Protein chains: 4
Amino acid sequence: MGISDIMPAGWHGRARAGLLACTVALALPGLSLAQEQGQPDRPAWADNRWGEGDQLGAANHMTAERTRLAAELVTTGKVYSLGIVVGPDTPAFPPRSLALTVLQPGQTDNSGLGDNAFTYNDDIFMGWLGIGPQIDGLGHAGEDHVYYGGRHYHDFAPASGLTELGLDQLPGLVGRGVLLDMTRHFDTPMVEEGVAYTEDDIRAASEAQGVELREGDVVLFHSNWMELLDGQNADPERFGAAEPGLGVSGAEYLAGLGVMAVGADTWGMEVVPAETEGEAFRAHQILQAHHGIYILENMETRELAADGVNEFMFVLGQARLKGAVQMMINPIAIR
Amino acid sequence: MGISDIMPAGWHGRARAGLLACTVALALPGLSLAQEQGQPDRPAWADNRWGEGDQLGAANHMTAERTRLAAELVTTGKVYSLGIVVGPDTPAFPPRSLALTVLQPGQTDNSGLGDNAFTYNDDIFMGWLGIGPQIDGLGHAGEDHVYYGGRHYHDFAPASGLTELGLDQLPGLVGRGVLLDMTRHFDTPMVEEGVAYTEDDIRAASEAQGVELREGDVVLFHSNWMELLDGQNADPERFGAAEPGLGVSGAEYLAGLGVMAVGADTWGMEVVPAETEGEAFRAHQILQAHHGIYILENMETRELAADGVNEFMFVLGQARLKGAVQMMINPIAIR
Amino acid sequence: MGISDIMPAGWHGRARAGLLACTVALALPGLSLAQEQGQPDRPAWADNRWGEGDQLGAANHMTAERTRLAAELVTTGKVYSLGIVVGPDTPAFPPRSLALTVLQPGQTDNSGLGDNAFTYNDDIFMGWLGIGPQIDGLGHAGEDHVYYGGRHYHDFAPASGLTELGLDQLPGLVGRGVLLDMTRHFDTPMVEEGVAYTEDDIRAASEAQGVELREGDVVLFHSNWMELLDGQNADPERFGAAEPGLGVSGAEYLAGLGVMAVGADTWGMEVVPAETEGEAFRAHQILQAHHGIYILENMETRELAADGVNEFMFVLGQARLKGAVQMMINPIAIR
Amino acid sequence: MGISDIMPAGWHGRARAGLLACTVALALPGLSLAQEQGQPDRPAWADNRWGEGDQLGAANHMTAERTRLAAELVTTGKVYSLGIVVGPDTPAFPPRSLALTVLQPGQTDNSGLGDNAFTYNDDIFMGWLGIGPQIDGLGHAGEDHVYYGGRHYHDFAPASGLTELGLDQLPGLVGRGVLLDMTRHFDTPMVEEGVAYTEDDIRAASEAQGVELREGDVVLFHSNWMELLDGQNADPERFGAAEPGLGVSGAEYLAGLGVMAVGADTWGMEVVPAETEGEAFRAHQILQAHHGIYILENMETRELAADGVNEFMFVLGQARLKGAVQMMINPIAIR
């Protein structure tokens, strides 16, 4: 690890008169990070099927053939918008927050631009990208600072944006979507917090609901948790305090199947509190760091569940912001 | 127009000890906006086919039948990511800018959370949403402060976010995509700035390229303008100084056909400079304010054009940020 | 008014490879703002004692002699910090909000920079500058879009920052500070909302409290309003809903005296609701637009009042952010 | 170190209807940070003269007597504004950047608020606080994640803002200012980069310039480095690439004297490159972490030097933003 990991490439200042960017190399000869211990240990899981340097992980499962088959799932043409509306009031993992400001640049007290009086609204966003409906890129979840493909934090995650595994690398996710309705599996109006979806649960639910899980799938779990956000008995406190979700055996099972993404109608996709006391977000590590699988959170699955849809075409095109870790999204399901 | 248009609902402060939100009504009795002239004139174009209060405009064209037919356009399964990568260096309409910051909250000098050492990257975005690949929601372009459906600025566009026409209202856009390759039409490697696409151009191009334009379509124009951003003869100055694009007769023609959205591989979709000296962004007004048609900018159309694709399934799921005017996007084309 | 008022100088994008700033002139020939009516009327008050083009207003009263005399007011050496602590919970004029984020760039999982293990915290601010203790620069308050010196909004206030009257122009404010304790004047523990300080009140209070008001003074009013923020009977709702403060005759009187700045221990300095139904923030207009006088809000005056201090040395050095309208401040009083 | 260090107190979401803040405790029983090694070693320097828990460090030197004496230094009444103007073009330590946006909330196409047509400009700041003229609070510079008073990073520096050592704690800095003109000492128009100010240099300069350094002083060094920002031979690249400044023996000497703050007319106050190859910002550690001394950067010292001023009254009132590490400032010098 060299100094450039902590000290980005230069000083960014633009000269005043000429609007000329000047980037100044900071002169720090002979400098290295303190107490550098050489390469950190590379965990066994760092090697994966797509080889050294892979940026896409399970998105490599996207093939023309699978996309074609996904499109064949469209029978009625009904469209489902999976991204909930997100705003300053959306519960967010602390200390994440957001603010939006709308303005009309240059248009106060005039009729706008040109003889045709062109007026317009613009907007500014200030906040964290991991709020509301979101995709966790492969640079999000790691294990002791080691991420997908064995990348150590210092290899790719400077403050100026991810240099690898950023969501700019991902073209989108298109494939077969599968909904597992866990309220049916557990025979309850809403699955309760702390209920883990194990391998056995997933096997049983998919069998009972007549839907086979396959390599390349986008698997969504419906627990009806969104009722806590806006249902009759809304309880945002309870919504954010814990959640039902994927357990460790379930995560290993889905990873073994080679799914492309796993999503849920909860803020964190996996079960909280964890099955094992003292652990936190273990399924994130299994899916993301170990297997390069994308995670989708705060997905609106109620209408799919109400319609009894278990299989659909799934299309996600997240904004390709350079170096971004997470992104607010709105995946589209079509049956 | 009442005082509440300029003065949002209250003071937002949370009491320190109790984490209790307090919203305080500002006591301003008997106050109104200065020189209020009653309702501004409602232009004739304010009435449209979807009636008073409609929030969706041409997105009303989305039907299950059209979606089903769009899915039938998928033959090879090839996926095209239409959103270019966007970052601080992406040319943007002034004074728009953006910055991304990646951080690891709470994880400096420890191994993260829990016995499983959960570590993670997060990110913060500061900037304007109308940068790079973007959708203009129906609250973006107006005529003398009047917007789609005859809404005046003061009816829906406070600084705290659009109360109508926000992109949170739009579930997404799914339908038949059509690419018109204007380099073929004009027989040139790259269409030059100031070249307007007229009704005749569009009719001729669609006929020559064997693709009929229909109600509900998403029409994309390919000019090869992206070569100025990252091609061999990249010239970002030229990229942003002007552009080829939709002209006034072309806009009226597309509106008459009832298309759902119009996009292009340029920063502003329509021709700049305008056909008529003294006008600016007239096609924006025709499409958005008069007809409720969505606009897509900075679309990556090169691969579609290279593959000779003129018809495809189009899927856009923009993040549903409450009150947002524009949004960075990455629509997906599938053939 | 030319097009450049609505359309800043160019496109700001930096070429990717070369880190070279490119500013691209947008080619919009023959374009002007719609319905331009020539110069708006110049109100009579636009002419002032410091002449055309003056940027400083009442800060012109700062002279070496006055500063020297102010320093002579220091007798005990006691220092008063007049800026209250400001954070996300501070009541703010809607829709203003703020967020602060602390991070340790590049230092996760290492011991920092160099053999000496240099580690550091940094911070990011996202929000409005007009929150908590603040100075209103002369570009803040206007009358029908006309500001100090007769400048119309379109002359100096583009979205990219004020080109005139910005707080970068102001070197700071140093002079004689005067505290008028209005709780003593009205013989009440806390002056109530809606109580206006008239010329007569100010004359009476200054006489009773034995302090003469002079040209160049910084006049602060103490109402004990801060008790509503953090006192025993804290009531942030009431704090923000209204306030006691300067009335119209009081503002004219202080302007006639030629004071340099007027401050108070309330969020808006002047009386709310206004004395005349249908008016809002009239004293702001009189002081700022008509007379170039600075306004200081949310000042902590309790300790000065408790000590019976009516005269002191006042020193304000606000951050000189280019183009800023307002700034969070912490003026220092010394007696 | 408990889980609350990485996981702030709860979920912050406000219920939609009621504008009621809900803070939800995340239920993570039995969880602790991974590989927690108990208390890290407390370095010897962590103990200081002001005792356990002190928040102010050398600001404790501020006494009424010293302030009174500082005021006596005012003889001519001339005011010097020490903060340079800061904007997006100001060279900044990477990846720090800033953007300012001015807007007129609610005032587009109307004459503002009330019968008196109250209009106003507001502004939004997005960016890092450590840009341009700045104070480094005592939470800024540490040694292997240990900061002033032996506080470890995890004790006080969550992403939501410093819980100790924040600049909200500091009332301001008032005292005797001393300028050492190092161009005179080195007999050069501008001191060159890499030139360290040693104890001997400081002793010699203060003797030659007839100014004794005392406990509680604010010591400023003038190198004429600002000429590289805006002088005839401006060279922002050179400005930011390195700098002359305080060396290690100089820092120990000043700390031994018990000064309150050390500032300079350079971006980083201390010599870069460092005197010892492999070290970085050692003087920051000595002053801040070991001795609780404040650091002031990018100070405008040219006029003081031109006037031959070596002793003056120094007044700094930085905005007291809750939890802030650094702050843009404009200290005032008065002679």
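Pairing each residue of the stretch A:118-140 that is more than 30 Å from A:GLY106 (Cβ to Cβ) and more than 12 Å from chain C (Cβ to nearest Cβ) with any residue that is part of a strand (DSSP E or B) and charged (D, E, K, R), provided the two are 6+ apart or on different chains, yields C-beta distances under 6 Å for A:GLY130/B:ASP122; A:GLN134/A:GLU297. Mind listing just one residue for me: the one in the stretch A:73-88 that is out of contact with any Phe, Trp or Tyr (no Cβ under 8 Å at 6 or more places or on another chain), crowded, with 20+ Cβ neighbours inside 10 Å and not aliphatic (A, V, I, L, M) and, of those, farthest from the other protein chains (Cβ to nearest Cβ)? Filtering first and then ranking leaves A:PRO88.
In this structure, is B:ASP115 within 7 Å of chain A (Cβ to nearest Cβ) and in contact with an Asp or Glu (Cβ under 7 Å, 6 or more places away or on another chain)? When the stated conditions are applied, B:ASP115 passes them. Working only within the stretch A:85-114, note down all residues that are without any contact (Cβ under 8 Å) to a residue 40 or more places away in the chain and of a type in the set (Val, Ile, Thr). Those that are without any contact (Cβ under 8 Å) to a residue 40 or more places away in the chain and of a type in the set (Val, Ile, Thr): A:THR101, A:VAL102, A:THR108.
The numbered conditions (1) buried (at least 23 other Cβ atoms within 10 Å of the Cβ); (2) of a type outside the set (D, E, K, R); (3) modelled with pLDDT of 95 or more are all true for B:PRO171 except (1). Residue check: A:ASP122 meets all listed conditions (1) at positive phi; (2) not assigned by TED's automatic domain parsing to the domain that holds A:ALA305 but one, namely (1). Can you spot a residue in the stretch D:128-146 that is assigned to a loop (DSSP other than H, G, I, E, B), among the β-branched types (Val, Ile, Thr), surrounded by 24 or more Cβ atoms within 10 Å (Cβ to Cβ) and out of contact with any Phe, Trp or Tyr (no Cβ under 7 Å at 6 or more places or on another chain)? Yes: one or more hits. Of the residues screened, D:GLU199 is one that is modelled with pLDDT of 95 or more, more than 30 Å from C:VAL315 (Cα to Cα) and out of contact with any Pro (no Cβ under 9 Å at 6 or more places or on another chain). The sole residue among B:THR76, B:THR67, B:THR119, B:THR101 that is in a loop (DSSP other than H, G, I, E, B) and modelled with pLDDT of 95 or more is B:THR76. For A:TYR253, the conditions (1) more than 14 Å from every other protein chain (Cβ to nearest Cβ); (2) surrounded by 24 or more Cβ atoms within 10 Å (Cβ to Cβ); (3) in a helix (DSSP H, G or I) are fulfilled apart from (2).
Can you find a residue in the stretch B:214-224 that is of a type in the set (Ser, Thr, Tyr) and more than 24 Å from B:MET313 (Cβ to Cβ)? No, the stretch B:214-224 has no match at all.
Within the stretch B:267-324, the set of residues being among the aliphatic types (A, V, I, L, M) and in a loop (DSSP other than H, G, I, E, B) comprises B:MET269, B:VAL271, B:ALA274, B:ALA280, B:ILE293, B:VAL309, B:ALA319, B:ALA324. On the stretch given as the stretch B:256-274, residues that are within 12 Å of chain C (Cβ to nearest Cβ) and surrounded by fewer than 24 Cβ atoms within 10 Å (Cβ to Cβ) total 3. Of the helices (runs of 4 or more DSSP H) lying entirely inside the stretch A:150-214, those carrying at least 1 residues that are without any contact (Cβ under 8 Å) to a residue 40 or more places away in the chain, within 19 Å of A:GLY263 (Cα to Cα) and polar (S, T, N, Q) are A:199-208. Here C:ASN110 passes the criteria (1) surrounded by 23 or more Cβ atoms within 10 Å (Cβ to Cβ); (2) at the interface with chain D (Cβ under 7 Å from one of its Cβ atoms) except the one numbered (2). Filtering C:ASN310, C:ASN330 for residues that are over 29 Å from C:ALA157 (Cβ atoms) and polar (S, T, N, Q) leaves a single hit, C:ASN310. Note on the stretch B:57-72: residues that are surrounded by 18 or more Cβ atoms within 10 Å (Cβ to Cβ) and either of a type in the set (Lys, Arg) or within 14 Å of chain A (Cβ to nearest Cβ) (or both) amount to 7.
Among the residues of the stretch A:215-251, those identified as in contact (Cβ under 8 Å) with a residue 12 or more places away in the chain and acidic (Asp, Glu) are A:GLU215, A:ASP217, A:GLU227, A:GLU243. When residues in the stretch A:40-56 are screened for being in contact with a His (Cβ under 7 Å, 6 or more places away or on another chain) and assigned to a helix (DSSP H, G or I), 1 of them pass. In the stretch D:275-287, of all residues being touching a helix residue (DSSP H, G or I) at 6+ places or on another chain (Cβ under 7 Å) and more than 8 Å from chain C (Cβ to nearest Cβ), the one that is surrounded by the fewest Cβ atoms within 10 Å (Cβ to Cβ) corresponds to D:GLU275. Here is the figure for the stretch C:305-319: residues that are surrounded by 24 or more Cβ atoms within 10 Å (Cβ to Cβ) and out of contact with any helix residue (DSSP H, G or I) (no Cβ under 9 Å at 6 or more places or on another chain) total 4.
The values are calculated or read from the model by the stated rules, or taken from the named source; none is laboratory data. Here the structure is a predicted model, which means the values were calculated and not measured. Ideal geometry is used to build each Cβ from the backbone, glycine not excepted, and the neighbour counts take in all protein chains shown.
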